[in-house]
Every structure is written in C-alpha cells, then in structure tokens.
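The structure under discussion appears below in the form of structure tokens.
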Amino acid sequence: MLKLYSRLVIILFLAVSCSSTKKAKFEDYVFKTKTEEQKYQAAYNKALKLWDIPYTEENVKTSFGTAHVIIAGPKNGKDLVLLHGMDASSTMWYPNIKTLAKNHRIYAIDFIMEPNKSNLTAKPLSSEEIVVWYNEIFDHYKLKKFDIIGASRGGWIATLLATQKSNAIDKMVLLSPAQTFKFIDKPRKTSAALMLKLFPSEKKFSKTLKAFSTHPEKISPVYNRQFYLANKYAKSNSSMLKMTPFSDKELESIKNPVLVLIGDKDVINSEESLERAKKYLANSKTQIVKDAGHFLTIDQPKITNDAVIDFLE
C-alpha cells in the first residue's frame, strides 16, 4: 500500500509539473520570468558565500546547455565530485565544504534541470542523456578515478553513473539517496513537499523542513531564503519519473567501494534501504546517523563529515 501511495504521489507531482513546463521556453526552462530568475540568483550568490573558503565558479558548455561548476580545494588533492539534492543546488554543501575541501579537489556541479546556475537549452533530459551530460563535464576537467558524493536526488544520479560499464568513479558516498534502494519510506510525511510545490507559501515551506529535518533551526537563514525561492519559482521536471529504485542486477554491477548513510528519522529511507545496499552492493559500508532526518548534512554535519572523510581517506 505504501509503495502504491508513493507512486501515486509521484505521478500527481509529475502531472502538475509537466503540464507547466510545456509552456516554458527551453532557454527559460526553470523560471517563468526574468524577475524570478534574478531574485533567485541573488539569493544563490549570498548563500554561496556561506562556503567561507576560496572557490571559483566556471561555466562549461555541453551538448544540452551550460553546466555551472564550483571548484575548491588543493589542486593536487584527489578529485571529488559533489551532486546536490533536489532544488538544493551546490550551495547546500556549506556545512561540509571546509572538511571536504581540505584534502580534495572539489567539483560541485549544479544539476541542469533545477534552479541554480546551470542552464538547460535543450528538451528535458532522459536518464541516458543525464549520463552523457555529466560525462561531458568529467571529460572537460579530465577527471579520472575520482570520488563522488551524492545527496538525496544526487545520490540517485551518482548510482546511475556508477551502473554504467564505462565510468571513472572510484569511491562513492550516498547520503540519504532518494528512490535508489526503495520507494519513499513515509509518503504521507513527504506529501508536505508536494503541497509546497503545488501551492508555495512560507508556512508550507516550514512544514516541509520539519518533515525532512530533525534540526531545521540549524539551517542558515541565508540558505533558507534561496531554498524557499527554489521551491517557489522552480518547475520540477519529468526526469523524476525515471527515479525508480535500481534493480538487483543494476546494483550488483557496481563494484566500487560505497558508503551509504541515512538518518534514523529519514522520511525517504529506512533500514530496508541499508539491507538492500548490503545485499546487492558487493563493496558497501552502511551507517545510520542518529537524530537525523533526510537532511543529513544539516542535521548532523560533524558526524556526517567524519564518516565521509574516514571512508574516502
């Protein structure tokens, strides 16, 4: 019943979002007006300053549009790719970036079909095209044998990339990966996010944060503003339809060392997720983070940072 409910929520979510994106021009895929885009970009720029470390921003031309990449950390450090959660953008790494960038060369990539600084100039991408898009970025930077961290939707994308026969990934970290090992664990609680998308308001945004985080008070007000505008202005896209749990065979094809972390109060995953990871990922390590929801990097940044660095190094 929960699996059916989860699917119905996703289908309803997609039906509304897809109908609205059809009206948008490809060059304005995310935002309806220039004013909305400018307000969001200003909030993004303020939130990025929360990184509080030296970084550079680069735009990489791809077959599907411009990829925005934030680069930080020592040039001689091991390459580490960061894939953010849905509508969160690369600014979401502010509680973790100092630790991650200490010994790693960071490449934080904004997903092209969400509100951030990447810009889609083609039709919505299929799963196959998403793989091509990321590989064009990896090729641009000549990334070989790199580590990758994916949070929520980014975890699903990281897993998708790792299932490809030809990939250059070394170690992989999945932080509360969405729709990766199982369907949404607590669909009724996640419905707050759906209502926020359909009828955005500050009240619904606050309710959503409480559903996904055990410590929403820890979230920087500056980042909160950007995240709210992302949910208020952005159109979710049909690529979500492809975000179904990976098959046993697909998971078994991944031979990389993998660390999977979930919070004990995660509304997306449960212990079943970790059990499936242990069963089908040949070289996996799993951990439950106490007093944490879906937003691991916010709820328990030190525990998460320590676990990730211990695994990568």
**Request:** Would you please put 297-310, 83-96 in order of how densely packed they are, using the mean number of other Cβ atoms within 10 angstrom per residue and starting with the highest?
**Result:** 83-96, 297-310
**Message:** Greater than 31 Å separation of Cα atoms is the criterion. Which listed pairs, Lys49/Lys279; Lys98/Lys123; Lys32/Lys75; Lys255/Lys290, meet it?
**Reply:** Lys49/Lys279; Lys98/Lys123; Lys32/Lys75
**Asked** P(r) tail for the range 38-162, what percent of Cα pairs lie past 24 Å?
**Response** 20 percent
**the range 93-119 residues near the modelled Glu37 label - backbone nitrogen below 18 Å, point 7 Å along Cα→Cβ** = 110-119
**Asked** For the chain, what is Rg from Cα atoms divided by 2.2 N^0.38 Å, rounded to two decimals?
**Response** 0.91
**Message:** Run through the range 159-227 and list the trypsin sites (Lys or Arg not before Pro) located in a DSSP loop whose Cβ has at most 11 other Cβ atoms within 10 Å.
**Reply:** Lys165
**Request:** Compute the semi-axes of the equivalent ellipsoid of the range 169-313, taking the square root of 5 times each eigenvalue of the Cα gyration tensor, and list them largest first in whole Å.
**Result:** 27, 19, 13
**Item:** Unit charges at the beta carbon, dipole of the chain: most positive-side option, Trp93, Tyr44, Asn283
**Value:** Tyr44
**Request:** Give the carbon-plus-sulfur fraction of the accessible surface of the chain in %, rounded to a whole number; probe 1.4 Å, heavy atoms of protein chains only.
**Result:** 54 percent
**Complete:** Simple spin-label estimate for Gln287/Lys49, 7 Å along Cα→Cβ, in nm, reads 3.3 nm
**Item:** Solvent accessible area, Å² - His140, 1.4 Å probe, full protein context
**Value:** 100 Å²
**Request:** Enter the Cα centre distance for the pair the range 229-308 and the range 110-167, rounded to the nearest angstrom.
**Result:** 17 Å
**Item:** Test item: Cα-centred dipole of the chain, Lys/Arg +1 and Asp/Glu -1 on Cβ, debye
**Value:** 660 debye
**Request:** Let me know the shape class of the range 185-269, please: from the alpha-carbon gyration tensor, a ≥ b ≥ c as square roots of the eigenvalues, rounded when a/c is under 1.5, otherwise prolate if a/b is greater than b/c, or oblate.
**Result:** prolate
**Asked** Which one of Leu261, Leu161, Thr214 has its Cα pushed farthest toward the positive end of the charge dipole of the chain, where Lys and Arg give +1 and Asp and Glu give -1 at the Cβ?
**Response** Thr214
**Item:** Accessible area of Thr208 in the full protein assembly, 1.4 Å probe (Å², nearest 10)
**Value:** 20 Å²
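The values are calculated or read from the model by the stated rules, or taken from the named source; none is laboratory data. These figures come from a predicted structure and were not determined experimentally. All Cβ positions, even for glycine, are placed from backbone atoms using ideal geometry, and neighbour counts span all protein chains on display. Side chains are part of the model used for accessible areas, which takes the heavy atoms of the whole protein and leaves out ligands, DNA and RNA. Shrake-Rupley method; radii C 1.70, N 1.55, O 1.52, S 1.80 Å.
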